[in-house]
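Asks: I have a structure here, written as structure tokens, and I will follow up with some questions on it.
The values are calculated or read from the model by the stated rules, or taken from the named source; none is laboratory data. Quick caveat: nothing in here was measured; it's all calculated off a predicted structure. Ideal geometry is used to build each Cβ from the backbone, glycine not excepted, and the neighbour counts take in all protein chains shown. The accessibility values were calculated without ligands, DNA or RNA, using every heavy atom of the protein model including side chains. Shrake-Rupley method; radii C 1.70, N 1.55, O 1.52, S 1.80 Å.
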Amino acid sequence: MSKAKPMTSKRNFNALQPLLALSVAVLLWLGANTAHAQQMQRFGDYELHYIVISTTMLQPEIAARYGIRRGKDRALCNISVIDSDGAGVRADLTGSSQNLLGQRQGLSFSEVVDGEAIYYLATIRHADEEIHRINIDASVVGASTTLKLQQKLYWAP
């Protein structure tokens with residue numbers, strides 16, 4: 001009697017690792033959103049969704065794929081704009097981050113299109129336990145908004 005071989009091979013598992021890592025990141029994000037107020041701002045017929053997390057939460061392969069430099073002193077700002085049908089839309093974004101000492105840095109957003117999802121990524125350099133005031137201007141055809149948020153950023157291991 002022969003032994004049955006497992007249906008997954010190491011090659012198939014390696015191909016799935018980026019998808020699994022992204023899934024874990026999304027689950028972590030969803031868990032954070034249920035614990036806090038919804039991180040979203042409505043404007044016109046659109047919703048602007050945002051999250052700021054440490055870049056060390058990203059798997060190195062995922063960060064490399066999107067050109068994100070990981071580091072304990074770097075946070076990732078992720079923005080998406082969704083229309084009334086729940087579809088991601090392209091937007092023009094400009095922004096800046098400023099600590100309480102008045103040190104300002106511009107945010108340079110890169111667009112990522114992943115299937116039907118469209119989102120924008122920018123990194124923020126910060127000191128440990130530093131509060132940042134983040135301002136982002138977003139515009140789509142027929143509507144615009146300014147997102148203003150304040151967040152304490154921590155060095156992550």
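Asks: Does Val81 fit the bill of being among the β-branched types (Val, Ile, Thr) and out of contact with any strand residue (DSSP E or B) (no Cβ under 8 Å at 6 or more places or on another chain)?
Replies: It is false that Val81 is among the β-branched types (Val, Ile, Thr) and out of contact with any strand residue (DSSP E or B) (no Cβ under 8 Å at 6 or more places or on another chain).
Asks: Can you pull out the residues in the range 93-105 that are surrounded by fewer than 13 Cβ atoms within 10 Å (Cβ to Cβ) and not hydrophobic (A, V, I, L, M, F, W, C)?
Replies: If the condition is that a residue be surrounded by fewer than 13 Cβ atoms within 10 Å (Cβ to Cβ) and not hydrophobic (A, V, I, L, M, F, W, C), then Gly102, Arg104 are the ones that fit.
Asks: Can you tell me which residues in the range 133-148 are in a strand (DSSP E or B) and touching a residue at least 60 places away in the same chain (Cβ under 8 Å)?
Replies: Taking the range 133-148 and keeping what is in a strand (DSSP E or B), we get 133-140, 143-148.
Within the range 133-148, Ile134, Ile136, Ala138, Val140, Ala143, Ser144, Thr145, Leu147 meet the criteria.
Asks: Here's a follow-up. Out of the range 74-87, which residues are over 14 Å from the mean Cα position of the chain (by Cα) and either open to solvent by less than 30 Å² (accessible area, probe 1.4 Å) or of a type in the set (Ser, Thr, Tyr) (or both)? Steps first, answer last, please.
Replies: Of the residues in the range 74-87, the ones over 14 Å from the mean Cα position of the chain (by Cα) are 82-87.
Scanning the range 74-87 gives a single hit, Ser84.
Asks: Pick from the range 93-127 the residues that are in contact (Cβ under 8 Å) with a residue 40 or more places away in the chain and assigned to a loop (DSSP other than H, G, I, E, B): which of them is farthest from Tyr50 (Cα to Cα)?
Replies: Looking at the filtered set, the residue picked out is Ala127.
Asks: For the list (1) closer than 22 Å to Lys152 by Cα; (2) open to solvent by 50 Å² or more (accessible area, probe 1.4 Å); (3) not acidic (Asp, Glu), I need the number of the one condition that Gly44 fails.
Replies: Evaluating Gly44 over (1) closer than 22 Å to Lys152 by Cα; (2) open to solvent by 50 Å² or more (accessible area, probe 1.4 Å); (3) not acidic (Asp, Glu) leaves (1) as the failure.
Asks: How about the range 106-126: which of its residues are open to solvent by less than 50 Å² (accessible area, probe 1.4 Å) and under 16 Å from Lys152 (Cα atoms)?
Replies: Across the range 106-126, the qualifying residues are Ile124, His126.
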